[in-house]
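A.B. asks: A single structure is presented below for examination.
The values are calculated or read from the model by the stated rules, or taken from the named source; none is laboratory data. Given the structure is predicted, the values throughout are model-derived calculations rather than measurements. Because the Cβ atoms are built from the backbone with ideal geometry, glycine has one as well, and the counts that use them run over all protein chains shown.
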Amino acid sequence: MNQNVVVIGGVAAGMSCAAKLSREDPEARITVYEKGSHISYGACGLPYYIGDVIEDHNRLVVKEPADFKESNIDVRIRHQVMKVLPEKKKVVVKNLETKEEFEKDYHKLVIATGAEPVKPPFVDESVGNVFTLRTIEDGQRIKEAALSDKVERVVLIGAGYIGLELVESFHNLGKKISLINRSANIMKPVDQEIREVLIDELENKGIELNFNEEVEEIVQGEDGMVKSVVTDKKEHPADLVVVAIGVVPATKFLEGTGMEMLKNGAIVISDRMETNIEDIYAAGDCATIYHRILKKNVHIPLATYANRQGRLLGEILSGKNSRFPGGIGASVVKILDLTISATGLNEKQAKDGGLDYETGFIKGYSNAGYYPGSKPLYVKYIYHKESKVLLGAQLAGEKGAQHRIDALSIAIQKDLTLRELAYSDFAYTPPYSGAWDPLQVAANVAE
Ligand SMILES: Cc1cc2nc3c(=O)[nH]c(=O)nc-3n(C[C@H](O)[C@H](O)[C@H](O)COP(=O)(O)OP(=O)(O)OC[C@H]3O[C@@H](n4cnc5c(N)ncnc54)[C@H](O)[C@@H]3O)c2cc1C
C-alpha cells in the first residue's frame, strides 16, 4: 500500500519535507495540517516587511496551498492538530473554521510545528499595540500599527536577534526606540568584544539602551492602547511594544505521548530525525540539533536547520539512507549599518563545555586600506589552547562580515588549526580584502 504520511506544520521544515518526499515518492499520500492561514513563508523577512524595505507581505510567501493541487500533497490550512495518539497511529485534528474535530490515521507522522514566542505574564493581549512576532499576521498587525502617526515611541523588550532586527525596522520608519533587556549580555551568540561594537552602533544611531532592567508591567492607557512599560528601574513611555525575549518549541500538544524532550520542550531526535516513538519523526524549530563540537543535542531554532532537516527527512521517508550531520550554530544578523556573524562556540559555551581554550581579537579591515570604502572588520577567535584548533569565531563590521563567516564555519567543521587557516588559499583583490585577509591576520596574531 502507498505510504500515508501526515505532516504537522506547513512552513520551513514541514513543507521542505513534504515537497522532497513528493518528488522522491510520487505514490506517497501526504497530508499537511497547518493551523495558520499561510504555508511556506519566510518569517526571516518579517523585520524587513515591518521596516518597509519589503512593501507587500505576499513577497514573503513562497508557495500557496493551491500550488500543490496537482501533486500528491493535500495541504489543509486552518487545521490544528490537537493530539497525537501513537498507540492508535492517529492524530486528532480541529478544523478552525468549522470547529469540527476528526481523527486521521498515519503510517508515518512528521512533527514540524516550529516554535512560539515566549509570552511572560506581563504580556496582556487585551492591551492595544502590544505584540510578539512570529507569523505573517503578527507582521501585518505590527506594521499597520507602526505606520500610524500616533506611534512615535517604540519600546522593544528583548535584545536577541529578533529584537535587534526590529531596532532597524523601526529606525527605518523614523520612530524613537527604547530597547530594554534583562541583562547587559545582549546578542547572546557573541562575546563582549563584539557586543561592544554593537552597542557603539546602537548608541551612535540614537537608540536608548536600558540594560539590567526587569519588566514588571505593561500599562494600558484610557484609550485601551499601551501607555508605558514599567521596569524595576523606571517607567518608559510607549506607543507600541514588541516583546521578543525568546521562543519555545510548539510541542505542548504532545503532552502525555511519552515523547522524549529537552527541558524547554524541544523534541530529541536522532540523525535520521526519529523521535523515541516508532514512526514519528520531527524536524525544525520544534526539535533538537546535534551540536558537532559540544557532542550533544541542543536547541538552535534557525531557518537554516529547519530547511535542511525537512528536506533530509523527505529523503529518509522515501527510503534513502540519509543522515543529518548536525550543526555548530552559524548565524548572521544585520543591525542598522552593522553586520554581526558567529559560528562554533563562544567563550561561555567553551567554558561550560569544560574546554581548555584561548581567545584572540583583532580590528582588521574589510578590504585594502588604500581602496575607497575600506571599513573596520572585527574578528574574534576561540581556539583550543594546546592544539590551536579553531572552536569558534565572531565577526562584526559594516562590510565583509556576512560571507566570511561561512569560510570559518567550514574551518571549524574540518578542525582546522590557526596555522592551517592562516595559510589557506584565500582569493584577494583590493576592493574585497587585503593580501592577508583579516581572517588570516587574526589567525597569525592569535598563534
Ligand atoms: C522575525 C524572525 C526573523 C527570523 N530571522 C531568521 C534569520 O535571519 N535566519 C534564520 O536562520 N532564522 C530566522 N528566523 C527563524 C526561522 O524563521 C525559523 O527557524 C523557521 O521558521 C523554523 O521553521 P519551522 O518549519 O521549524 O517552524 P515554523 O516556521 O514555526 O512553522 C511551524 C508551523 O507549524 C504550525 N503549527 C504549530 N503547531 C501546530 C499544530 N498543533 N497543528 C497544526 N499546525 C501547527 C505553526 O502555525 C507554524 O506555521 C526568524 C524568525 C523570526 C520570527
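A.B. asks: Would you mind finding the one in VAL61, VAL93, VAL6 that is surrounded by 21 or more Cβ atoms within 10 Å (Cβ to Cβ), more than 20 Å from ILE269 (Cβ to Cβ) and either of a type in the set (Asp, Glu) or touching a residue at least 60 places away in the same chain (Cβ under 8 Å) (or both)?
C.D. replies: VAL93
A.B. asks: Starting from residues that are within 9 Å of the ligand (Cβ to nearest atom) and assigned to a loop (DSSP other than H, G, I, E, B), keep the ones in region 38-63 and report whichever is farthest from ALA145 (Cα to Cα).
C.D. replies: Once the filter is applied, the top-ranked residue is ILE39.
A.B. asks: Could you grab the pairs with beta carbons closer than 8 Å, sequence gap of 6+ or different chains, first residue in region 22-41 and over 17 Å from LEU109 (Cα atoms) and of a type in the set (Phe, Trp, Tyr), second one near the ligand (Cβ under 9 Å from one of its atoms) and assigned to a loop (DSSP other than H, G, I, E, B)?
C.D. replies: So the pair list comes out as TYR41/VAL11.
A.B. asks: Okay, moving on. Is it the case that region 201-220 has a residue that's at pLDDT 95 or above, under 30 Å from LEU391 (Cα atoms), surrounded by 17 or more Cβ atoms within 10 Å (Cβ to Cβ) and more than 16 Å from the ligand (Cβ to nearest atom)?
C.D. replies: Among the residues of region 201-220, at least one is at pLDDT 95 or above, under 30 Å from LEU391 (Cα atoms), surrounded by 17 or more Cβ atoms within 10 Å (Cβ to Cβ) and more than 16 Å from the ligand (Cβ to nearest atom), which makes the answer yes.
A.B. asks: One residue is enough: does region 86-101 have a residue meeting the conditions touching a Phe, Trp or Tyr at 6+ places or on another chain (Cβ under 9 Å) and more than 14 Å from the ligand (Cβ to nearest atom)? Step through it out loud before you land on a result.
C.D. replies: Quick first cut of region 86-101, residues touching a Phe, Trp or Tyr at 6+ places or on another chain (Cβ under 9 Å) only: 89-95.
Subsequent filtering for residues that are more than 14 Å from the ligand (Cβ to nearest atom) retains 89-90.
There is at least one residue in region 86-101 that is touching a Phe, Trp or Tyr at 6+ places or on another chain (Cβ under 9 Å) and more than 14 Å from the ligand (Cβ to nearest atom).
A.B. asks: Now, a different point. For region 64-78, what are the residues that are more than 11 Å from the ligand (Cβ to nearest atom), part of a strand (DSSP E or B) and of a type in the set (D, E, K, R)?
C.D. replies: First, the residues of region 64-78 that are more than 11 Å from the ligand (Cβ to nearest atom): 64-75.
Next, only the ones that are part of a strand (DSSP E or B) stay: 73-75.
Answer for region 64-78, where residues must be more than 11 Å from the ligand (Cβ to nearest atom), part of a strand (DSSP E or B) and of a type in the set (D, E, K, R): just ASP74.
A.B. asks: Let me ask something else. Going by the conditions given, is LYS252 within 16 Å of the ligand (Cβ to nearest atom) and exposed (fewer than 13 other Cβ atoms within 10 Å of the Cβ)?
C.D. replies: In short, yes.
A.B. asks: Can you confirm whether region 135-148 contains a residue that is surrounded by 21 or more Cβ atoms within 10 Å (Cβ to Cβ), within 16 Å of the ligand (Cβ to nearest atom) and more than 20 Å from GLU55 (Cα to Cα)?
C.D. replies: No, because not a single residue in region 135-148 is surrounded by 21 or more Cβ atoms within 10 Å (Cβ to Cβ), within 16 Å of the ligand (Cβ to nearest atom) and more than 20 Å from GLU55 (Cα to Cα).
A.B. asks: Identify the single condition in (1) within 12 Å of the ligand (Cβ to nearest atom); (2) in contact with a strand residue (DSSP E or B) (Cβ under 6 Å, 6 or more places away or on another chain); (3) of a type in the set (Lys, Arg); (4) in contact (Cβ under 8 Å) with a residue 40 or more places away in the chain that ARG153 does not satisfy, given that it satisfies every other one.
C.D. replies: (1)
A.B. asks: Before we move on, is GLY10 part of a loop (DSSP other than H, G, I, E, B), more than 26 Å from VAL130 (Cβ to Cβ), within 25 Å of the chain's Cα centre (by Cα) and near the ligand (Cβ under 8 Å from one of its atoms)?
C.D. replies: Yes: the conditions hold for GLY10.
A.B. asks: Name the one entry in ASN307, ASN321, ASN297 that is at pLDDT 95 or above, farther than 30 Å from GLY206 by Cα and within 14 Å of the ligand (Cβ to nearest atom).
C.D. replies: On the way: ASN321 fails: within 14 Å of the ligand (Cβ to nearest atom); ASN297 fails: within 14 Å of the ligand (Cβ to nearest atom).
Criteria check complete, one pass: ASN307.
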